[in-house]
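Following: one structure in structure tokens, then a few remarks.
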Amino acid sequence: MARPQEFNVSEALHQAMEVFWQNGFEGTSLTDLLKAMGLSKSSLYAAFGGKHELFLAAFDAYREERAREMSRILGHAPAREAIERFFRKIVADVEHSGAARGCMSINQAVEMAPRDPEIRRRVFQDLALIEEALTRTIARGQAEGSIKNPDEASKLARLLVLGFPGLQVMARAGGGRERLNDALNLLLSTLD
């Protein structure tokens, strides 16, 4: 008879997510994961499969958490302010945490997506989700008057989505608050 799991799967997955988020897939060893998760190798394999399957589960947990957070931030009115809050959080996250981890999806767009179709699909889903959420928020802002630019909401959203990875990469590389805020001010000015 199989032994029952003696650990919190959700907690272990969150610990794995943190390690992968900080180090990337290639930079994370099995030893790193076992230490962070407090599991034996057999428990990890029994609960999650191999390293790649664990990574996919951790990445999906990250993506779900970020989608909820984005929805919460962009759901506030006025829309222009909500979009600015969404983007300013990129800079604030680096300042508050002291760790320049960036966005796990953008990190994986660079690390794994070029050679892993499962990761590539997830990255494109995330970018599409951001674009759709920004499109809805921009359209709402145009209707309420907080966004003055009359261009098609989907085109404005696509431009913002192009800026999103750049800000994430610059934040992760230590681009500096003033420089990031200057770039963000210019990007957001397209809404005015």
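The values are calculated or read from the model by the stated rules, or taken from the named source; none is laboratory data. Predicted model only: the values in this text are computed from it and were never measured. Every residue, glycine among them, receives a Cβ derived from its backbone with ideal geometry; neighbour counts consider all protein chains shown.
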* From LYS89, LYS35, residue being at pLDDT below 90, assigned to a helix (DSSP H, G or I) and either of a type in the set (Lys, Arg) or not assigned by TED's automatic domain parsing to the domain that holds CYS103 (or both) -> LYS89
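Residue-wise test of (1) closer than 24 Å to ALA157 by Cβ; (2) outside the structural domain of GLY166 (by TED's automatic domain parsing); (3) modelled with pLDDT under 95.
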{"residue": "GLU18", "(1), (2), (3)": "no, yes, yes"}
{"residue": "PHE48", "(1), (2), (3)": "no, yes, yes"}
{"residue": "LEU54", "(1), (2), (3)": "no, yes, no"}
{"residue": "ILE83", "(1), (2), (3)": "yes, no, no"}
{"residue": "ALA100", "(1), (2), (3)": "no, no, yes"}
{"residue": "GLU118", "(1), (2), (3)": "no, no, no"}
{"residue": "VAL123", "(1), (2), (3)": "yes, no, no"}
* Asked: When the residues of the stretch 22-67 are filtered to those that are acidic (Asp, Glu) and free of Cβ contacts under 8 Å to residues at least 60 places away in the same chain, which remaining residue is surrounded by the most Cβ atoms within 10 Å (Cβ to Cβ)?
  -> ASP32
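Specify which of the listed residues (GLY175, GLY163) is buried (at least 16 other Cβ atoms within 10 Å of the Cβ), among the small types (Gly, Ala, Ser) and not in a helix (DSSP H, G or I).
Matching residue, one of GLY175, GLY163: GLY175.
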